[in-house]
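Below you'll find the structure, written out as structure tokens, and then a few comments.
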There are 2 protein chains.
Amino acid sequence: MTIQKKAAEAKNASIQLAAVPTHIKNSALKAIARALEAKKDQIISANQTDLTNAAKDNLAAPLLKRLKFQQDKITEAIEGLNSVIRLEDPVGVTSDALELDKGLELFKVSSPIGVIGIVFESRPDALVQISSLCLKSGNAVMMKGGSEAANTNRILADIISEAAIAAGIPKGWLALLEARSDVANMLSMEKFIDLIIPRGSNEFVKYIMDNTNIPVLGHADGICHVYIDKLANIEMAINIAVDSKCQYVAVCNAAETLLVHKNIARKILPKMKAAFEKKGVEIRGCANTLKIIDVKAATKEDWQTEYLDLIISVKVVDTLDDAVNHINTFGSGHTDVIVTEDKARGIKFMDYVDSADVFFNCSSRFADGFRYGLGAEVGISTNKIHARGPVGLEGLMIYKWRLMGNGHVVSDYSGTNAKTFTHRVLDKKFNE
Amino acid sequence: MTIQKKAAEAKNASIQLAAVPTHIKNSALKAIARALEAKKDQIISANQTDLTNAAKDNLAAPLLKRLKFQQDKITEAIEGLNSVIRLEDPVGVTSDALELDKGLELFKVSSPIGVIGIVFESRPDALVQISSLCLKSGNAVMMKGGSEAANTNRILADIISEAAIAAGIPKGWLALLEARSDVANMLSMEKFIDLIIPRGSNEFVKYIMDNTNIPVLGHADGICHVYIDKLANIEMAINIAVDSKCQYVAVCNAAETLLVHKNIARKILPKMKAAFEKKGVEIRGCANTLKIIDVKAATKEDWQTEYLDLIISVKVVDTLDDAVNHINTFGSGHTDVIVTEDKARGIKFMDYVDSADVFFNCSSRFADGFRYGLGAEVGISTNKIHARGPVGLEGLMIYKWRLMGNGHVVSDYSGTNAKTFTHRVLDKKFNE
């Protein structure tokens, strides 16, 4: 089947899927979980083929690890499905109800976005997680995975698609794209695809963002900061900086730059250096940092680099405002932290830093859908519209305005003797 | 000042404006209203210059009418400002509050988007309305108006900008762009501009959408449908069709196509023809329509044309599903109406039609920010993300995740003896 055919089918399926009741969507998710369990030997064997091929191709060890989808990952995926089943159905929720005039009632009701295009790299678990979130939120999905995981992705997509269709989900709701050229084709399908969510390296996400008119939800860089205020508790600041940098270095919510208020720099920097060195972190300091501790010098390039590695840049700043300016200039709008004992200064920082996640006295690593209690997540967004920060089901929703009348026409509300609108808030839901 | 300089200033101003308290924003709006009143002679005279130039250039009558900004429009603009003052401040509203663990509290708090780029055609009232909505929502704004209105726009922008700055709004919050080349420059300023709202002809909006990576809020086409179900009340159906088509033909929420269920076609079409002819509407019918009434034949082109004129296309459909399919195929996702006495069929239509506004037994012309009770509107969106349908202040907002801790680090929540999250919903607002 051509990608155009698949896309048209997905669009049709999305219209039907938008109206599928909750119990059928949940039955389908349960059926998927059962099918993954029942066919786990086939999945493991398909994944083994991918792993063998990848080893032959000398795939790097971290990539091999991400590609692996054996018994423990299958168990995790099934647990993930169960948690998606437990989430409230986000479709059909009335967020506003207003009487415009007697008998003319307006409801703002949540609805799925339509067709979600996903492009992800080697991790096959992303396929299970994203397809289940799309199903629960009533969206059809077109997915392109990494070619290293071709066999694993194909069997997972077949199992998930078929189990859901057998449970009553419209045919065509999930399409797996396999050709490399399909990505470029997808990017020009604004007629069929309503939102693209890319998951992968920064370069890859940037490529997607630069090459499509379809809205893209996601983030390229994750340049996160920890600002240590003059009124910080020293021990807390060191703990938070170390956790933000080291708890998991290869992720977008890890800190890349430490900003230190000049009044506290002499006191904290030697201790910070000792703490980072214990963890094997290389420090690159600004000129004022170098006057206090003996570390490598930072260049301007360092302020705009996402190391994703055991490296941190350190800059001494004169004021809280300077810290905010540095973050708004060099940051990526992802997650930024202030450590201070002065709550008013903390709130000022949170008011003026223009990022998705602004944190007071805690680690940047908390910026995550599971930790935020969103259940699963489709990704983390640095967009300034629609959804920001960790994105769960809510980011896959939009709404319709539903207006119920009884023959009401606008000409009665204009000219002489025009009727007036009541605009009275209603305490009810659509179709109640 | 170069556009780059203006854009950088607007970005800086947006950071400050995001934290300006409600009372200062309202004082600024009052100051703008007073200044418009005080300087109305200068405004009227500047507008007179534009009108004289436009008449010399033989500008079409409807455009001249839109360009006119004299005493009555100034009064309307001041009324509009007063209504924006009365709207609740949309900034700083806590929509979610969750305890992640003891002492670690997460708040989802509304915040402005940042810098809004507006490109609008000749109507100078749009400048006042949009700049006041941006100010109230804490967004900086860069505006490019039509060159016909250059003198009017310049004096309005100067008055509004200066009155607001004198009342405490950050310098640079409003930038007027005057060169034609500024539009193209704006479209590539993703570093500074967070959202573009184009207002103008379909071709113009399409040009903007096709030529920028910045998110665009708006609509190109408005191809709206009225579907007359087999169970429709005939008289109501005719009233709604006539109002939807004729109450104001030149607007996006006017109906362009009438879909008629075959079971009711013989009964209603002759009456519909008489009603439309009384209003001077040309009917273009499908083959089955032509069997019932003597009208011009429609071509496939008609189903995808926004006439914005006294023309309507009519198609006889076999089923409600066929009507839905026609709308989802040829419509523009703007506003679509069902007329039926059967509420279940009405709701089915509303569930399956994938449009921003889905109406039951009322005119398509109700799709409008004022009628929806949103106060003023920045436009109507056919986007599938962020904001859909008439867009008021809410469409100019996004949110920040604010996390308040007391030294919390992620390493305590992983590995052996990991702490667990409480994820307890809090009944409080940020900073309460």
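The values are calculated or read from the model by the stated rules, or taken from the named source; none is laboratory data. Every value quoted in this text rests on a predicted model; they were computed, and no experiment measured them. In this analysis, Cβ positions are derived from the backbone assuming ideal geometry, glycine residues included, and neighbour counts consider all displayed protein chains.
Odds and ends about this structure:
- Test: A:Ala28 is buried (at least 19 other Cβ atoms within 10 Å of the Cβ), modelled with pLDDT of 95 or more, among the aliphatic types (A, V, I, L, M) and on the phi < 0 side of the Ramachandran plot: yes
- Residue check, B:Glu162 within 24 Å of A:His386 (Cα to Cα) and either free of Cβ contacts under 8 Å to residues at least 40 places away in the same chain or assigned to a helix (DSSP H, G or I) (or both): no
- Within the stretch B:204-317, helices (runs of 4 or more DSSP H) holding 2 or more residues that are buried (at least 18 other Cβ atoms within 10 Å of the Cβ) and more than 14 Å from every other protein chain (Cβ to nearest Cβ): B:262-278, B:287-292, B:300-303
- Pick from the stretch A:249-265, criterion among the β-branched types (Val, Ile, Thr) and modelled with pLDDT of 95 or more, ranking: farthest from the chain's Cα centre (by Cα): A:Ile264
- For the stretch A:381-423, a residue qualifies if it is charged (D, E, K, R) and facing chain B (nearest Cβ under 9 Å), and the qualifying residues are A:Lys384, A:Arg388, A:Lys400, A:Arg402, A:Asp412.
- For the stretch A:318-339, filtered to residues that are of a type in the set (Ser, Thr, Tyr) and surrounded by fewer than 24 Cβ atoms within 10 Å (Cβ to Cβ), the residue that is nearest to A:Glu282 (Cα to Cα) is A:Ser332.
- Every condition in (1) closer than 14 Å to A:Gly392 by Cβ; (2) buried (at least 19 other Cβ atoms within 10 Å of the Cβ) is met by A:Ala77 except one, and the failing one is (1).
- Evaluation of B:Ala60 against the conditions (1) at pLDDT below 95; (2) closer than 28 Å to B:Ile214 by Cα; (3) of a type in the set (Gly, Ala, Ser) shows that the sole unmet condition is (2).
- When we screen B:Asp72, B:Asp89, B:Asp96 for residues that are within 23 Å of the chain's Cα centre (by Cα) and farther than 24 Å from B:Ser201 by Cα, the only hit is B:Asp89.
Listed here are the residues, each with its yes/no results for (1) in contact with a helix residue (DSSP H, G or I) (Cβ under 8 Å, 6 or more places away or on another chain); (2) not assigned by TED's automatic domain parsing to the domain that holds A:Cys362; (3) not charged (D, E, K, R).
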{"residue": "A:Gly172", "(1), (2), (3)": "yes, yes, yes"}
{"residue": "A:Arg180", "(1), (2), (3)": "yes, yes, no"}
{"residue": "A:Ala184", "(1), (2), (3)": "no, yes, yes"}
{"residue": "A:Phe192", "(1), (2), (3)": "yes, yes, yes"}
{"residue": "A:Asn202", "(1), (2), (3)": "no, yes, yes"}
{"residue": "A:Asp229", "(1), (2), (3)": "yes, no, no"}
{"residue": "A:Ala237", "(1), (2), (3)": "yes, no, yes"}
{"residue": "A:Asp243", "(1), (2), (3)": "yes, no, no"}
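- Residue match in the stretch A:43-55 (condition: within 30 Å of A:Leu187 (Cβ to Cβ), away from every other protein chain (no Cβ under 14 Å) and out of contact with any helix residue (DSSP H, G or I) (no Cβ under 7 Å at 6 or more places or on another chain)): yes
- When the stretch A:347-368 is filtered for residues that are in a helix (DSSP H, G or I), facing chain B (nearest Cβ under 8 Å), more than 30 Å from A:Leu127 (Cβ to Cβ) and not charged (D, E, K, R), the ones remaining, listed by number, are A:Ile347, A:Met350, A:Tyr352.
- Residue match in the stretch A:369-380 (condition: crowded, with 18+ Cβ neighbours inside 10 Å, touching a helix residue (DSSP H, G or I) at 6+ places or on another chain (Cβ under 6 Å) and at the interface with another protein chain (Cβ under 7 Å from one of its Cβ atoms)): no
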